[in-house]
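Written out below as structure tokens is the structure these notes cover.
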Amino acid sequence: QFLFVVTFTTFLLCCVEYDVLFANRPLNHSHASGAAADRAKVTLPDAVLPAPQCAQRIRASGWIIFLLVMAAAFWLYRLVKVLCSLLSYWEIRTFYIKALNIPSEELCNYSWQEVQARLISLQRRQQMCVHKRELTELDIYHRILRFKNYTVAMVNKSLLPVRFRLPLLGPVVFLTQGLKYNLELLLFWGPGSLFQNKWSLRPQCKRAGARQELARQLARAMVLLGVANLLLCPCVLVWQLLYAFFSYAEVIKREPGSLGARRWSLYGRHYLRHFNELNHELRARLSRGYKPATKYMNSFTSPLLTVLAKNVGFFAGSILAVLIVLTVYDEDVLTVQHILTAITLLGLVVTLARSFIPDEHTVWCPEQLLQRVLAHVHYMPDHWQGNASRSETRSEMAQLFQYKAVFILEELLSPILTPFILIFALPARALDIVDFFRNFTVEVVGVGDICSFAQLDVRNHGNPQWLSAGQTEASVYQQAENGKTELSLMHFAITNPRWQPPRPSELFLSQLKEQVQRDAAAAPPAQRILAEGPLGASLFSDES
């Protein structure tokens, strides 16, 4: 795709004669045959310049030469990465076939739990990991999700500067793929990062006496990386614009309402992610919550905007209908200049206006809808309880579940805003980040350095609001926010039923099961049916 976008864009800029294409000047047929000279219409080959003239235009533009050199360097870098990845993938394929006895054609029929069980069994027979005799499910998750668990913990502890208060816009969250890439480069795998390899922190990161010096080095690296991003901003911005245009232009023409569809934001995926949750597990959980979340967000409508959309749709639709009738009556109407453009734009306006008109059969019950969302996403700030109908709750939910148009806009603005976040906002957090990695890193035999939150230890990282008295020794600094340790423990235990949790965690899970059984037994069946039905949804729509 990268090679195609660069080649095609260069062709459009330097190898097309637009005056001929738009019929702004007559085509010179003097070199052509007599039959060709009689043609009344311009064909696409007529508007394409010969190769020597095209090459001359490219050589005459210094900017295009510079961008092509940068693109070639980046493409070679990506090519090397792809070749290295292919070698790694070949080793993985060989391991699955020979060690786990899973043929390639059968792999799609195996669940992750089955693959994991074979891996644990293989460790018992061959002891691939020489430092310990048996691997547990938690050890495997720790190896796969080492860096992701750190990132989830930092988002949970509000350590990363991704929240900002802007004039007119109010509180906003900004976390894009570009900013995430730079953060991972600084902390995990870049030159001078806190990790010296894929499994262990640099030794000085574990010493309290070196924290100030490490923080200064990290802050300096953040500023230098920000300056590098600023210098590369024009190239990255051009690429983002071109890629967005080629990716979404056809979709917007075909389905303009798709920009009004929603998706889980990158920040939302980190905020809602459990510790030790694999990518496919997270995708499945958020996909189950997609429809309830869409219904909740669509339940908020603006009467003024609805009236405006209905009128705009009516006017645009009326003109569009007349143009279509005229076209059906006489096809020569299509030869009128800009008539196709008018029909296309009017169709876009009508489709866009309809997306702002709510379904007339929608029943307004935000509390029930938000509870359905919570059943799948598992996390919700305390102040949302009983306030599902408030616009503030909807605005905060929109930070997790954003419009696709907002996602595209953020990615386009990322090359411009990321350098300033790296230079001005992030260095102030350098000391806190260094302290976080020192205080919340533990070394596990056979696994390496991992985030201590990922151990799912309720005694050291539990929240007192979720636990009985005496079950946790965690201070406010040590405990995970919003009950993430407890919810992650529950999720991991359900996903991996053969896993044996440590004693404090096992006690918490057993007490939780007993509580759920008592609550289920106490609720009369008729009341449960009433609460889940449409009558109950209407009766209890204003209660939490």
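The values are calculated or read from the model by the stated rules, or taken from the named source; none is laboratory data. Everything numeric here is computed off the predicted structure, so don't read it as measured data. Because the Cβ atoms are built from the backbone with ideal geometry, glycine has one as well, and the counts that use them run over all protein chains shown. Quick note on the areas: whole protein, heavy atoms, side chains included, nothing else; ligands and nucleic acids left out. Shrake-Rupley method; radii C 1.70, N 1.55, O 1.52, S 1.80 Å.
Going by the conditions given, is Phe8 over 29 Å from Gln337 (Cβ atoms) and modelled with pLDDT of 90 or more? So Phe8 fails the test.
Taking the condition surrounded by 13 or more Cβ atoms within 10 Å (Cβ to Cβ) and not in a helix (DSSP H, G or I), does Ile102 pass? Spelling it out, Ile102 is indeed surrounded by 13 or more Cβ atoms within 10 Å (Cβ to Cβ) and not in a helix (DSSP H, G or I). Selection of helices (runs of 4 or more DSSP H) fully inside the range 429-512 by the criterion of at least 2 residues being touching a His at 6+ places or on another chain (Cβ under 6 Å) and either farther than 28 Å from Val130 by Cα or of a type in the set (Ser, Thr, Tyr) (or both) returns 484-495.
I'm trying to understand the selection: among the residues of the range 192-216, which are of a type in the set (S, T, N, Q) and open to solvent by less than 70 Å² (accessible area, probe 1.4 Å)? Selection gives Ser193, Asn197, Ser200, Gln204. Exactly one residue out of Tyr181, Tyr150 is crowded, with 21+ Cβ neighbours inside 10 Å, assigned by the TED database to the domain that holds Phe424, out of contact with any Leu (no Cβ under 6 Å at 6 or more places or on another chain) and over 17 Å from Leu400 (Cβ atoms), and it is Tyr150. Look at (1) modelled with pLDDT under 95; (2) surrounded by 16 or more Cβ atoms within 10 Å (Cβ to Cβ); (3) within 28 Å of Leu187 (Cβ to Cβ) and you find that Tyr243 fails only one, number (2). Taking the listed residues Arg125, Arg78, Arg133, the one that is in a helix (DSSP H, G or I), surrounded by 10 or more Cβ atoms within 10 Å (Cβ to Cβ), at pLDDT below 95 and not hydroxyl-bearing (Ser, Thr, Tyr) is Arg78, with no other qualifying. Counting only helices (runs of 4 or more DSSP H) that fall entirely inside the range 158-276 and contain at least 2 residues that are of a type in the set (A, V, I, L, M) and under 27 Å from Asn482 (Cα atoms), the qualifying elements are 177-184.
Contact map, the range 268-292: first residue under 20 Å from Met154 (Cα atoms) and of a type outside the set (A, V, I, L, M), second residue open to solvent by 20 Å² or more (accessible area, probe 1.4 Å) and not in a loop (DSSP other than H, G, I, E, B), Cβ cut-off under 6 Å, separation 6 or more or different chains; pairs are His274/His491. Selection of the range 436-451 for residues being open to solvent by 10 Å² or more (accessible area, probe 1.4 Å) and either under 17 Å from Gly192 (Cα atoms) or in contact with a Ser or Thr (Cβ under 9 Å, 6 or more places away or on another chain) (or both) yields Arg438, Asn439, Thr441, Val442, Glu443, Gly448. Out of Glu514, Glu473, Glu506, one residue alone is free of Cβ contacts under 8 Å to residues at least 40 places away in the same chain, open to solvent by 50 Å² or more (accessible area, probe 1.4 Å) and within 23 Å of Gln113 (Cα to Cα). It is Glu506.
Condition check for Ser158 on (1) at pLDDT 90 or above; (2) open to solvent by 20 Å² or more (accessible area, probe 1.4 Å); (3) in contact with a helix residue (DSSP H, G or I) (Cβ under 6 Å, 6 or more places away or on another chain); (4) of a type outside the set (A, V, I, L, M, F, W, C): one failure, at (3).
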